[in-house]
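Before any comments, here is the structure.
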């Protein structure tokens with residue numbers, strides 16, 4: 001079979017460790033180093049690549065157990081080309097230079113050596129909001145994040161509000177708080193359904209995806225007398 005009509009899907013040349021193969025696939029060039037990737041995100045590789053499920057460490061383990069937030073990572077090392085993806089989501093590569101950013105754990109795809117991570121409470125999120133927790137990444141290197149659809153980058157110099165599941169990531173200097181519109185109507189089921197939003201303020205940015213997270217279908221026990 002001729003490959004002529006398949007050339008548009010050919011492998012791209014890797015110019016850096018992280019290169020976008022296309023909008024939904026990340027190509028990682030490994031040369032004896034190690035990167036962290038979302039567990040289960042490998043779709044293909046060429047060469048000698050090894051995978052190891054990384055322990056979260058005692059501190060992060062207890063934080064995850066208490067908060068329900070976290071990210072399952074695998075260490076990818078060796079020599080070769082690794083291809084990562086997550087449910088056909090759009091991928092963005094963000095570069096940190098001795099900087100910090102916060103990411104929704106569901107939106108992390110991979111990050112380079114030199115990036116440390118931890119689970120932290122969103123500032124201003126108390127018990128009423130269920131204690132919103134996300135993953136903080138800090139250091140120097142590239143971070144690949146995913147979006148369920150085409151995202152929008154908003155400047156937070158103007159006070160900005162977002163659904164907790166729609167906010168993919170935000171820069172380290174942005175101040176956060178939680179805005180609640182819980183009212184008597186909300187408890188009666190007549191409110192907007194948007195009970196909590198994360199508020200962002202100060203110099204920086206927030207990346208918003210056009211999705212409010214996975215939709216859980218209503219549970220049915222079948223017909224009951």
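Restricting attention to the stretch 165-221 and to residues that are outside any strand (DSSP E or B), closer than 24 Å to residue 137 by Cα and over 17 Å from the mean Cα position of the chain (by Cα), the residue that is modelled with the lowest pLDDT turns out to be 173.
Would you confirm, using the coordinates I've provided, whether residue 136 is farther than 21 Å from residue 210 by Cβ and modelled with pLDDT under 80? When the stated conditions are applied, residue 136 does not pass them.
Do you know which residues across the stretch 90-105 are surrounded by fewer than 21 Cβ atoms within 10 Å (Cβ to Cβ) and closer than 18 Å to residue 162 by Cβ? Hits for the stretch 90-105 are 90, 92, 94, 105. Screening the candidates 14, 75 for the property of being within 17 Å of residue 141 (Cα to Cα), at pLDDT below 90 and surrounded by 12 or more Cβ atoms within 10 Å (Cβ to Cβ) yields one hit, 14. Might you let me know whether the stretch 36-44 holds any residue that is modelled with pLDDT of 95 or more, buried (at least 19 other Cβ atoms within 10 Å of the Cβ), under 17 Å from the mean Cα position of the chain (by Cα) and not in a strand (DSSP E or B)? Among the residues of the stretch 36-44, at least one is modelled with pLDDT of 95 or more, buried (at least 19 other Cβ atoms within 10 Å of the Cβ), under 17 Å from the mean Cα position of the chain (by Cα) and not in a strand (DSSP E or B), which makes the answer yes.
The values are calculated or read from the model by the stated rules, or taken from the named source; none is laboratory data. For clarity, every value in this text was computed on a predicted model and none was experimentally measured. For neighbour counting, all protein chains shown are included, and Cβ atoms are generated from backbone atoms with ideal geometry for every residue, glycine included.
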